[in-house]
1. Under a 10 Å cutoff between Cα atoms, tell me which one of T17, T32, T180 has the largest fluctuation in the Gaussian network model of the chain.
2. Kindly provide the helix-only [θ] at 222 nm of the chain, computed as the sum of -39,500 (n - 2.57) over DSSP H runs of four or more divided by all residues, to the nearest 500 deg cm²/dmol?
3. Label-point separation (nm) for L116 and T102, each offset 7 Å from Cα along Cα-to-Cβ?
4. Per 0.36 nm of contour for each residue apart, how much would the distance between E19 and K92 grow if the chain were fully extended, relative to their Cα-Cα spacing?
5. If I take R0 = 25 Å and measure r between the Cβ atoms of R186 and Y60 in this structure, what FRET efficiency does the formula 1/(1 + (r/R0)^6) give, to the nearest 0.05?
6. Suppose every K and R has +1 on its Cβ and every D and E has -1 on its Cβ; what is the size of the dipole of the chain about the Cα centre, in Debye to the nearest 20?
7. Under 17 Å Cα to Cα from K123, which lysines show up? Leave out anything in the same chain fewer than 8 places away.
8. Provide K12, K105 in ascending order of the number of other Cβ atoms located within 10 Å of each residue's Cβ, fewest first.
Amino acid sequence: MLSKSDGKELVKLARKTVESYFKNKELKMKETKFKEKRGIFVSIHTFPDHELRGCIGYPYPILALDEAIQRASISAAFQDPRFPALIQDELKRVVFEVSILTFPKIIKVENPKDYLKKIVIGKDGLMIEHGLLYKGLLLPQVPTQYDWDVETFLEHLCMKAGLMVDMWLDSKTKIYKFQTQIFAEREPNGQVIQT
């Protein structure tokens, strides 16, 4: 678990990385004390509407925390295929959010319907794999934003992976769960809170 002050530093690092990219037109990696390898996601939302504006990350702990945050910040701002690249003027109208992930663990079930009892809305994020080509991930905050139940969460997870909505019921489909620590700005460049 990270402290609130560490979370605040990481959110500030995400914003500063994007601000620096506008000035330098390249990612200049900043060294910090955050060297532990962790899975992370950086999300950018509009303010005050809180509409998603970009979200990219690393589900598995393959990079040091500081490097992962900086790379994901640039990707969320400029390379999320769902959105146009962020423009500099938008920086004062968006908030940054950093999610630190636990290691994803496969959910073992005898019958796929048992997933409905093993997933907790608001606590668990989900990853899905079907064969080598189909993969998707949804953070635990997503279903709470839309008031989904577990079945709806699983259906949207399937869609995110490019699968039919009921593929979570296929015995060849693997579903993993993870938890997150989430730190976010209350307003653009403002106070950072743990949500």
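1. The residue that fluctuates most here is T32.
2. -8500 deg cm²/dmol
3. The answer from the label model is 2.4 nm.
4. 25.2 nm
5. The formula returns an efficiency of 0.25 here.
6. On the way: 30 positive and 26 negative charges, 138 e Å.
About 660 debye.
7. K105, K177
8. Ordered from fewest to most neighbouring Cβ atoms within 10 Å, K12, K105 come out as K105, K12.
Any read-out appearing in this document is the output of simple, stated calculations on the displayed coordinates, not a laboratory observation. This is a predicted model, so every value here is computed, not measured. Heads up, the Cβs are rebuilt from the backbone with ideal geometry, glycines too, and the neighbour counts pull from every protein chain shown.
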